[in-house]
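Taking it in order: structure first as structure tokens, then the write-up.
The values are calculated or read from the model by the stated rules, or taken from the named source; none is laboratory data. This structure is a prediction, so every number in the text was calculated from the model and none was measured. Quick reminder, even Gly has a Cβ in these numbers, built from the backbone with ideal geometry, and neighbours come from all protein chains shown.
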Amino acid sequence: MAPWEQALDTFVRARGPALIRYAFLLTGDRTAAEDLVQDALVKTFTRGRAANDLEFTEAYVRRVMVTRSIDGFRSRRRFAAVRHLVATEPAQNGPESATAMHVDLASALTSLSAQQRACIVLRYYEDLTVPEIADLIGCALGTTKRYLSEALRALERTLGPIACKTTESIPVTLERSR
């Protein structure tokens, strides 16, 4: 087995499930999450960006996943604009499935744009600061704040009021109000 194959095998065994969970938060779909992880691993290991340090490799793979999820969202949005020219509309689900979809946070995340979803995941799952998020996704600090604000408002429309608690010693957490 080549050294890069051994490094990939070790990395996937150690961090594979966590990466799939992270990708699921970004995509909202298990199959898309698995594809996103695979794409990120291919990009990382074929370009020689992987290192022997698991933390560095994982950080790089996660960054690739965020970038790819945003790019994929843009591609799907462009296709949606011309889809009516090449495809028919799928059958509509009944009202009971629409209600079930909006019950939990995972389904609420699907209503967000890729940028908003990435900002929410990076802020409340990765516990990054707003400047770190802005740097990671490559946009201005004000734009990042706007994405977070709009995403929280959209989540509140689906989930109800959300309390964001902050203190100096405790990181910001996202909790459903009762």
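Per-residue answers, yes or no, for (1) modelled with pLDDT under 90; (2) under 25 Å from Cys139 (Cα atoms); (3) assigned to a helix (DSSP H, G or I):
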{"site": "Ala23", "(1), (2), (3)": "no, yes, yes"}
{"site": "Glu34", "(1), (2), (3)": "no, no, yes"}
{"site": "Gln38", "(1), (2), (3)": "no, no, yes"}
{"site": "Ala51", "(1), (2), (3)": "yes, no, no"}
{"site": "Ile70", "(1), (2), (3)": "yes, yes, yes"}
{"site": "Glu89", "(1), (2), (3)": "yes, no, no"}
{"site": "Ala98", "(1), (2), (3)": "yes, no, yes"}
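Can you pull out the residues in segment 22-56 that are closer than 16 Å to Glu126 by Cα and surrounded by 14 or more Cβ atoms within 10 Å (Cβ to Cβ)?
Narrowing segment 22-56 to residues closer than 16 Å to Glu126 by Cα: 22-27, 55-56.
Scanning segment 22-56 gives Tyr22, Ala23, Phe24, Leu25, Leu26, Thr27.
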| said: Glu126 - would you say it is among the acidic types (Asp, Glu), surrounded by 14 or more Cβ atoms within 10 Å (Cβ to Cβ), modelled with pLDDT of 85 or more and not in a helix (DSSP H, G or I)? | reply: yes
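Taking the stated definitions as given, is Ala80 modelled with pLDDT under 90, surrounded by fewer than 16 Cβ atoms within 10 Å (Cβ to Cβ) and part of a helix (DSSP H, G or I)? I'd like the intermediate steps shown before the answer.
On the way: modelled with pLDDT under 90: yes; surrounded by fewer than 16 Cβ atoms within 10 Å (Cβ to Cβ): yes; part of a helix (DSSP H, G or I): yes.
For Ala80, the condition - modelled with pLDDT under 90, surrounded by fewer than 16 Cβ atoms within 10 Å (Cβ to Cβ) and part of a helix (DSSP H, G or I) - is met.
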